[in-house]
1. What distance in nm lies between label points placed 7 Å from Cα along the C-beta direction at Ser106 and Thr81?
2. Give the residue from Ile93, Thr46, Thr110 lying farthest towards the positive end of the charge dipole for the stretch 18-122; charges sit on Cβ (+1 for Lys and Arg, -1 for Asp and Glu) and the dipole is referred to the Cα centre.
3. Subtracting the Cα-Cα distance from 0.36 nm times the residue separation, let me have the gained length for Lys116 to Leu37 in nm, one decimal.
4. Return one quarter of the surface area of the convex hull spanned by the alpha-carbon atoms of the stretch 27-120, equal to its mean projected area, in nm².
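Every number here is computed from the coordinates shown, using simple stated rules; none is lab data. Quick caveat: nothing in here was measured; it's all calculated off a predicted structure. Reconstructed Cβ throughout: ideal geometry from the backbone, glycine too, with neighbour counts over all protein chains shown.
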Amino acid sequence: MKISAFNIDDPFQLDIDYMEFRPRFPKSVERIKYDTLQEYIIKAKTANNEPISYGSIVLYHNGTNVLIRNSVTKESLTNPTWTNLNKNGELLIEIVSMNPLGETFSLGTTVGSIVKEKKITQIPQ
């Protein structure tokens, strides 16, 4: 995605073409336990590998009983939610899923026109 703003004195262009999910604790990447918080880091970078500081991000999931909160502020996030990345172009979140039968759900993000989705499986109770 290219964002261009034109000002006679100071034109600029920003290329956004990279976003990643990274679990905070790499050993538990795809599976989470019932009613247990799991941390994830979502990063957005420019084509030049620079962080998108304070960029806006949409975060959403399709789970039946999933709660997401900001890892830093501990603020609960609605589904979907629109929030901002930090100075380093990151959003630190905690996810908890409480479906006694277990489920696989998608966690998705959108920054500009870049969409990234991660499948997460919650283990049954």
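1. A separation of 2.0 nm, rounded to one decimal place.
2. Thr46
3. 26.3 nm
4. For the stretch 27-120, averaging the hull's shadow over all directions gives 6.1 nm².
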